[in-house]
Amino acid sequence: MHIPQLIKFTLVFTLMVILMGAYTRLSDAGLGCPDWPGCYGHLTVPNESHELAKVETHFPEHTIEPKKAWLEMIHRYIAGTLGLMVLVILIMCLKQREAPKKLPIFISALIIFQAALGMWTVTMKLMPIVVMSHLIGGFALFSLLFILYLRTKPLRIPGGDTYARKLAPLAAIGLVVLVVQIMLGGWTSSNYAALACTTLPICEGNWIDNLRFADAFSPFQGDHPSFEYGVLDYSTRMTIHITHRIWGVFTAVMLVWLAFKLLKAQSSTIRTSAYLLILMVIVQVALGISNVVMNLPLGIAVSHNGGAALLLLTMVFINYALWRKA
């Protein structure tokens with residue numbers, strides 16, 4: 001298999017890991033196995049009598065929930081497989097003289113750090129700052145693999161399209177705005193604030209007088225036996241939710257404005273990317289609204305995570321195309 005083909009397959013697999021991670025988190029299965037990397041000291045979820053006896057001895061304060069434990073372990077299995085795939089990509093790139101070297105090395109270092117974050121997610125009992133960092137690390141890995149794929153494929157943006165290239169700074173700002181929105185989404189999810197507001201367009205009640213930004217965005221939330229289901233009070237969670245929602249509106253307007261400007265470009269590749277950007281923004285807004293109206297159904301919530309990842313890739317491509325030397 002050639003490097004571009006392997007990277008393409010790895011990209012699909014990375015999206016699967018992101019979706020499985022979201023499904024595990026939203027199913028409240030992040031602590032399905034209280035240890036790492038195994039599950040109650042085993043490579044699989046224990047179910048034999050002698051295994052259960054060992055669990056009772058070493059984990060007396062825990063009760064095995066097989067469904068949650070298997071969700072957590074399946075996520076670890078596929079994440080581990082992804083790590084092996086990245087290792088193969090690194091080896092192939094190092095062997096081929098014309099292949100990129102620095103980026104595969106950085107990606108490999110990132111996935112090692114991701115494994116550490118996965119361990120800390122469990123050992124620190126779903127501490128929000130660790131959970132959010134793990135989510136952002138997954139999105140960063142997805143984006144960097146996509147850039148590596150683009151670097152191994154011929155991409156031609158006409159150098160004479162001066163109009164499109166003038167939009168590069170605006171596209172970079174749009175990318176930063178989107179990354180902030182994804183981080184806010186991760187912070188909302190890790191603090192179990194997705195259902196803090198159940199009405200549209202903003203929030204029910206006298207929400208303005210209950211905003212608590214200092215508490216809402218402090219990475220330090222005290223010492224707790226577990227952060228599962230959240231430790232913040234309602235006003236603080238509501239502040240997180242509202243911030244994510246309002247910044248989401250700003251992000252949508254910003255990206256659609258960029259897309260309409262890009263539609264005037266001479267390059268058909270850029271125009272196609274602009275149409276895709278508009279479509280992805282519409283889908284993400286619809287999924288976000290559906291989460292509120294339908295009280296966070298699991299399928300839609302997971303799709304919202306996947307949509308964010310694909311929207312990020314769209315913006316990464318646009319920036320790559322506009323900033324890349326002709």
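Pairs of lysine residues in the chain that meet both criteria, 8 or more places apart or on different chains and Cα atoms under 29 Å apart, total 26. Here the relative contact order of region 211-326, from alpha carbon pairs under 8 Å that lie six or more residues apart, stands at 19 percent.
Cα centroid separation, region 93-167 to region 221-299: 21 Å.
Largest accessible area first, the listed residues Trp257, Trp187 line up as Trp257, Trp187 when surface is computed with a 1.4 Å probe on the assembled protein chains.
Here the 3J(HN,Hα) profile of region 241-250, calculated from phi with Karplus coefficients 6.51, -1.76 and 1.60 at θ = phi - 60°, is 4, 5, 4, 4, 5, 5, 5, x, 4, 4 Hz, Gly and Pro shown as x. At full extension, Val180 and Asp215 could sit 10.8 nm farther apart than now, given 0.36 nm per residue minus the alpha carbon distance. Each of Thr198, Leu313, His244 was scored by the projection of its Cα onto the charge dipole of the chain, and the greatest displacement toward the positive side belongs to Leu313; charges sit on the C-beta of Lys, Arg, Asp and Glu. Every helix of 4 or more DSSP H residues in the chain counts as -39500 (n - 2.57), and over all residues that averages to -23500 deg cm²/dmol at 222 nm. Within the listed set Ala140, Ala286, Ala193, the Gaussian network model of the chain (springs between alpha-carbon atoms below 10 Å) gives the highest mean-square fluctuation for Ala286. Note: the chain, Cα convex hull, 143 Å³ per residue. Annotation: Ile107 carries an accessible surface of approximately 0 Å², with a 1.4 Å probe and no ligand, DNA or RNA atoms counted. Taking all protein chains as shown and a probe of 1.4 angstrom, Tyr229 keeps an accessible surface of around 110 Å². Computed from backbone phi, the HN-Hα couplings of region 261-268 come to 5, 5, 5, 8, 5, 6, 6, 5 Hz, rounded to whole numbers (Karplus: 6.51 cos²θ - 1.76 cosθ + 1.60, θ = phi - 60°; Gly and Pro given as x). With R₀ set to 56 Å, the beta-carbon distance separating Lys166 from Ile112 gives a calculated FRET efficiency near 0.90. Full extension of the chain segment joining Gln266 with His224 gains 9.5 nm, where the gain is 0.36 nm per residue of separation less the Cα-Cα distance. Scanning residues 5 or more positions from Cys39 or on other chains, those with amide H under 5 Å from its amide H are Thr44, with H placed 1.01 Å from N in the peptide plane.
Of Ile173, Ile318, the order by accessible heavy-atom surface (1.4 Å probe, DNA, RNA and ligands excluded), from most exposed downward, is Ile173, Ile318. When all protein chains stay in place and ligands, DNA and RNA are ignored, the 1.4 Å accessible-area order of His241, His50, largest first, is His50, His241. GNM remark for the chain: springs join alpha carbons under 10 Å apart, and the peak mean-square fluctuation among Trp247, Trp36, Trp207 falls on Trp207. Taken one residue at a time, the phi angles of region 94-101 give Karplus couplings (6.51, -1.76, 1.60, θ = phi - 60°) of 5, 7, 8, 4, 7, 6, x, 10 Hz. Gly and Pro are set to x. Per-residue surface analysis assigns Leu211 an accessible area of about 50 Å², computed on protein heavy atoms at 1.4 Å probe radius.
Between Val12 and Met119, the simple label model (points 7 Å from Cα in the Cβ direction) yields a spacing of 3.2 nm. Taking 0.36 nm per residue of sequence separation and removing the Cα-Cα distance, the Leu296/Ala53 pair yields an extension gain of 83.7 nm. Taking the protein heavy atoms of region 167-322 in the context of the full set of protein chains, the accessible area attributed to carbon and sulfur is 71 percent at 1.4 Å.
The values are calculated or read from the model by the stated rules, or taken from the named source; none is laboratory data. Note that the structure is predicted; figures quoted are calculated from it, not measured. Note that each Cβ is placed from the backbone with ideal geometry, even for glycine, and that neighbours are counted across all protein chains shown. Note: accessible area is taken over every heavy atom of the protein model, side chains too, but ligands, DNA and RNA are not part of it. Shrake-Rupley method; radii C 1.70, N 1.55, O 1.52, S 1.80 Å.
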